[in-house]
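Worksheet: the structure to be examined is printed underneath.
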Amino acid sequence: MRLSDAAAAYATHLADVRRLSPATVRAYAADLRDLAATVGEVELADIDLETLRDWLWRATERGDARSTIARRTASVRGFFAWAVDEGLVPLDPSLRLVAPKRGRTLPKVATAVALDAVLDGAGARATSGDVLALRDAAILELLYASALRVAELCSADLDDLDRSRRTVRVLGKGSKERVVPYGDPAAHALDAYLTRARPVLVGRGEGTPALFLGARGGRLGARAAYDVVSRVLAPVVGRETVGPHALRHSAATHLLDGGADLRTVQEMLGHASLGTTQIYTHVSAEKLAAAYRLAHPRA
């Protein structure tokens, strides 16, 4: 079987059998397309360890980040393990492929005071009655209150929102469902959006069960949600581009700072591994160390 054909079959396997998220499937498929573009239309059995090492070396030479190289290594390892299981190749050429160690990158986090100002500002703009301002205030409040991923926010439907219990049901990575709470400010913003803005927006489209709508009445896209967040959050975080994940990072860190235990935060974020959640303890620890150095007389 040719590499490109096997890669397409593997992408189907990841989506339909392993139930990985669409974003993960796209990333792995893109890695394998890059491999095919580098080595050409070859038979799967013709790919050996040196071919794979050369492919990764080329990516390093053009300046790809270590995290990208590490993901590509994981992509081909998973691909060839699957190919062996399927009987497409007798041996796995990626077994001795070594990935570079990922450098630890702490997430960008806004302070609680700064986020209060951002969210209060969004709420003030919403008092104008502008439907998009009302929608944007609800988006910002819910993302921060429930620490949602942008894909979870955009895929949520009206029926997923329980306004009496103040919870939202979302479908996370690996098609795992969870229910997360939100508080008073998010409830007020959502009520204003649902009563005064969404009926106007839905009238511009063909009707959709989506919770959040775009300007033309269709389901809100990830790019539009990114723009909403980036527009108000970039000056606070201190980066030109900052997306919805910054609100998720901030919410997780602020929960831990406020005394929430790590398991609770893991469940709220929908992390499969506690180790993934522990990155936020490093953020809190570094903030504590910085405050100590500034304040303690014998620091």
> Could you say whether any residue in the stretch 92-105 is assigned to a helix (DSSP H, G or I) and either outside the structural domain of HIS249 (by TED's automatic domain parsing) or surrounded by fewer than 13 Cβ atoms within 10 Å (Cβ to Cβ) (or both)?
Replying inline: no
> Of the residues that sit in the stretch 37-71 and are within 27 Å of the chain's Cα centre (by Cα) and aliphatic (A, V, I, L, M), which one is surrounded by the most Cβ atoms within 10 Å (Cβ to Cβ)?
Replying inline: LEU56
> Out of the stretch 199-230, which residues are farther than 15 Å from GLU141 by Cβ and assigned to a helix (DSSP H, G or I)?
Replying inline: PRO199, VAL200, LEU201, VAL202, ALA222, ARG223, ALA224, TYR226, ASP227, SER230
>> Taking the criterion of being among the aromatic types (Phe, Trp, Tyr) and modelled with pLDDT of 60 or more, would at least one residue in the stretch 283-298 satisfy it?
In response: no
> With respect to GLY243, is the statement that it is at positive phi and either at pLDDT 90 or above or not aliphatic (A, V, I, L, M) (or both) true?
Replying inline: no
>> Any residue in the stretch 54-70 that is over 15 Å from ALA37 (Cβ atoms) sitting within a Cβ distance under 8 Å of a residue that is modelled with pLDDT of 80 or more and part of a helix (DSSP H, G or I)? List the pairs, counting only those 6 or more apart or interchain.
In response: THR60/ILE69; THR68/ALA59; ILE69/LEU56; ILE69/ALA59
> Which members of the stretch 180-223 meet the condition of being under 19 Å from ALA251 (Cβ atoms) and surrounded by 13 or more Cβ atoms within 10 Å (Cβ to Cβ)?
Replying inline: VAL180, PRO181, TYR182, PRO185, ALA186, ALA187, HIS188, ALA189, LEU190, LEU211, PHE212, ALA222
>> Could you list, ordered by first residue, the pairs with Cβ atoms under 9 Å in which the first is in the stretch 4-22 and touching a residue at least 60 places away in the same chain (Cβ under 8 Å) and the second is assigned to a loop (DSSP other than H, G, I, E, B) and of a type in the set (Gly, Ala, Ser), at least 6 apart or interchain?
In response: SER21/GLY172
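The values are calculated or read from the model by the stated rules, or taken from the named source; none is laboratory data. All values derive from a computational prediction rather than experimental measurement. Here the Cβ is made from the backbone with ideal geometry for all residues, glycine too, and neighbour counts use every protein chain on show.
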